[in-house]
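The values are calculated or read from the model by the stated rules, or taken from the named source; none is laboratory data. Everything numeric here is computed off the predicted structure, so don't read it as measured data. Glycine also receives a Cβ, built like all others from the backbone with ideal geometry; neighbour counts cover every protein chain displayed. Note: accessible area is taken over every heavy atom of the protein model, side chains too, but ligands, DNA and RNA are not part of it. Shrake-Rupley method; radii C 1.70, N 1.55, O 1.52, S 1.80 Å.
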There are 4 protein chains.
Amino acid sequence: MSKARNWSAIKLLALDFDGVMTDNRVLVDQEGREAVLCHRGDGLGIGMLKKAGIEVVVISMEPNPVVSARCRKLKIDCIQKCEEKLRALQQIAAARGLKPRDMAFVGNDVNDLECLRWVGLPIAVADAEPEVRKAAVYVTRRPGGYGAVREVAEKILEA
Amino acid sequence: MSKARNWSAIKLLALDFDGVMTDNRVLVDQEGREAVLCHRGDGLGIGMLKKAGIEVVVISMEPNPVVSARCRKLKIDCIQKCEEKLRALQQIAAARGLKPRDMAFVGNDVNDLECLRWVGLPIAVADAEPEVRKAAVYVTRRPGGYGAVREVAEKILEA
Amino acid sequence: MSKARNWSAIKLLALDFDGVMTDNRVLVDQEGREAVLCHRGDGLGIGMLKKAGIEVVVISMEPNPVVSARCRKLKIDCIQKCEEKLRALQQIAAARGLKPRDMAFVGNDVNDLECLRWVGLPIAVADAEPEVRKAAVYVTRRPGGYGAVREVAEKILEA
Amino acid sequence: MSKARNWSAIKLLALDFDGVMTDNRVLVDQEGREAVLCHRGDGLGIGMLKKAGIEVVVISMEPNPVVSARCRKLKIDCIQKCEEKLRALQQIAAARGLKPRDMAFVGNDVNDLECLRWVGLPIAVADAEPEVRKAAVYVTRRPGGYGAVREVAEKILEA
């Protein structure tokens, strides 16, 4: 992996949802309705990024509306029920005239590998699958759902 | 325990629900409605197994509909409110022409012991009761509800 | 504390609710409705005690109906919104002709101290307040809400 | 930081909500409704403070009604959706004729820094952001949502 940790180049931060914005667990009730545990510090970090002019988007395969519900609160774009994450990410890039080197992606599981290999700054959460950690140039200290996104936001803003 | 860890023979994976697909905790609200915390990585692992032609079923004594709600989402068969788990497992085997050696069972508590002793590949989650861990030929590294089922899925698929 | 760990004498197990049957946390929603995380293994342990003829009761100061909702599921008596826990426990004893030496009480916080000092077998969960642990003759290995009650049930049944 | 740990001077305890009264996580459901995990021991500690004549208030930037729902249960004042926390705190002080040295503030994140620098007794929870811990004269042993407020209450009452 010869990618550099070029935090200062980042213009867009793309995030997987489950396992990155959450601890990868889902609360399921008797009717099959779902809920997830998100992190207020992540929300604060995303707010800071947006204020600094860095866009944040979520790309998720999960069809449950809990994904978009969280993104609405954070006022960030969300592509969910996404069968091909890399294609979605490339469309986002094309629409904004961005190159892979302008983008960071944070993932936790094997369905994030294509996106991680494509962006300039691939990031894995602390508790990502081993294969995902290997594909990343930076592994967060904090696990998904416990401030991993906040940590990434601070790294980008410090740069 | 002279059973071998014959992962490659497995054609059907049977799972207890609470403590295996969850962390054995249940959220109870003011009206007594229940909800449980499941793991997206387990869901992904079960999807991989099904794609590889390995059937996954849940066998649970718990009467609460939260069990079947989760199984509906994962599109796997579910026998719940099950007074005699071993009999249920044997009926599943008979209906499919499977032998004990074709089957793995993942459990966490003493009401899983009969099934564990019957199948060819008995598995306990990391935080199972001591007696259950003793009855298993493999104990997962991850606790129930935190990716134990995903770990089992990977072991089966690697074999 | 000269009380002996006389597990075999126990005819009734009295439990505080929050912090004993739960991890002392409460989920609060936008309307102030509450929910708590209980443990399936505790439920199984309580079922074993009842089958062995040992009664289980919950005594709680908490007014929220989540307490009785959980006890209904477990089919155990529940005295909640209880201003004077010791008096409630003494009434339970009197109604059944039981002496303090026939009873165990499991607590986690300072409002359990009176009951703990009265019963023959005072028990604290692993994460109880220091003063409560000092008043106990047995401190569980497991924290409240993570199988502490199951552990107590097994100790009583082994005796 | 030359502020002393003058616990005995405290007449009012001001608390941030998320990350102090909770573990900084938020449960989000399919409709975007939120719920948070609070701690019964914190509630008990706040009750003890009130009984001892020490006022407790919550000051939060979070707009979600879950904040005020929890405060209603605890019967404490709550200023939420608060854009300028320090100004709110100063108004609270002025209305009661209190000086900064009469007040403690417990925070966890950077939006608490102004309040922490203003009060006589600035406190950070164990898992607060590094900058926040540095601004505090006392860092709790317990993390937010796991009894940090109870710990603060005991320190104030012992003094």
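Structure values in brief
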{"read-out": "Condition met for residue D:66 (more than 8 Å from chain C (Cβ to nearest Cβ), modelled with pLDDT of 95 or more and more than 26 Å from residue C:128 (Cβ to Cβ))", "value": "no"}
{"read-out": "Filter result (within 16 Å of residue D:147 (Cβ to Cβ) and touching a Cys at 6+ places or on another chain (Cβ under 8 Å)) within the range C:100-159", "value": "C:107, C:145"}
{"read-out": "Residue under evaluation residue B:116, criteria (1) touching a residue at least 40 places away in the same chain (Cβ under 8 Å); (2) open to solvent by less than 10 Å² (accessible area, probe 1.4 Å); (3) under 14 Å from the mean Cα position of the chain (by Cα), criterion not met", "value": "(1)"}
{"read-out": "Any chance residue B:4 is of a type in the set (A, V, I, L, M) and modelled with pLDDT of 95 or more", "value": "no"}
{"read-out": "Flag if residue B:105 is of a type in the set (Phe, Trp, Tyr), surrounded by 22 or more Cβ atoms within 10 Å (Cβ to Cβ) and over 30 Å from residue C:67 (Cβ atoms)", "value": "yes"}
{"read-out": "Residues of the range D:81-102 classified as farther than 23 Å from residue D:68 by Cβ and in a helix (DSSP H, G or I), total", "value": "3"}
{"read-out": "Conditions (1) modelled with pLDDT of 95 or more; (2) more than 22 Å from residue D:27 (Cα to Cα); (3) away from chain C (no Cβ under 14 Å): number failed by residue D:154", "value": "(3)"}
{"read-out": "Elements of type strands (runs of 3 or more DSSP E) contained in the range D:1-79, each with 3 or more residues being open to solvent by less than 10 Å² (accessible area, probe 1.4 Å), more than 26 Å from residue A:34 (Cβ to Cβ) and free of Cβ contacts under 8 Å to residues at least 60 places away in the same chain", "value": "D:55-59"}
{"read-out": "Residue list for the range D:50-62, restricted to those being within 14 Å of chain C (Cβ to nearest Cβ) and not β-branched (Val, Ile, Thr)", "value": "D:51, D:60, D:62"}
{"read-out": "Check on residue C:26, over 12 Å from the mean Cα position of the chain (by Cα), within 30 Å of residue B:22 (Cβ to Cβ) and within 14 Å of chain D (Cβ to nearest Cβ)", "value": "yes"}
{"read-out": "Count - residues of the range A:119-145 that are open to solvent by 20 Å² or more (accessible area, probe 1.4 Å) and part of a helix (DSSP H, G or I)", "value": "4"}
